[in-house]
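Asker: Handing you a structure now.
Read the figures in this text as sums done on the coordinates, not as results from a lab. Treat the numbers as computed from the prediction; the structure is a model and nothing was measured. In this analysis, Cβ positions are derived from the backbone assuming ideal geometry, glycine residues included, and neighbour counts consider all displayed protein chains.
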Amino acid sequence: MSKYWLALHKRLNRSDINTSEDAWRYRQFTTSGCKIDPEWEEGQYNTCHGLPKKASEGDWIFDAVCPKSAVDLRVIRSAYKISNKKEGILHFESYHFLDGHWKEGIVLTNRRGAHEVNSDRGQEWINIIQNLDTYSHNLAGEKSKSHLDKKWNEMVTRTPRN
């Protein structure tokens, strides 16, 4: 039976908040340069960045972030089902991404870090995401329609040092 995990990311850095209303759509890095968001272009996520190490094949991950104008809220930005897990890396073949305005997605008031979600609630979120037009379904490696080409290319080519 699948489990459901919610990964709540920290607020964006003040410099990221001031740059763009859409900064929440793109992967962020820690101050040391480590990726802290899913790698949609690779179909993977490293469990060392807040996701429980208990997550395994068949489980669903909900990736939630804090948009610029919603300091106390989180929105589910993306969701994916784990297809494989190797050496602390969760792999996924496809993902759902919030392409609409953040207010059109699943908005959460929960401020806890990564944790397991009740299975009824997890299944409810999956049903909403799969049936709501504001969430697109994409294969790993494909950018969602809301990712601008230039910003997507900058995000996927950025390394921890640049």
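Asker: Sorted from fewest to most neighbouring beta carbons within 10 Å, what does the list Leu108, Leu148, Leu6 look like?
Answerer: Leu148, Leu108, Leu6
Asker: Let me ask something additional. Using the per-residue mean of other Cβ atoms lying within 10 Å as a proxy for protection, in what order, highest first, do the peptides 92-102, 132-142 fall?
Answerer: 92-102, 132-142
Asker: What does the charge count around Ser78 come to, taking other residues whose C-beta lies under 13 Å from its C-beta (Lys +1, Arg +1, Asp -1, Glu -1)?
Answerer: 0
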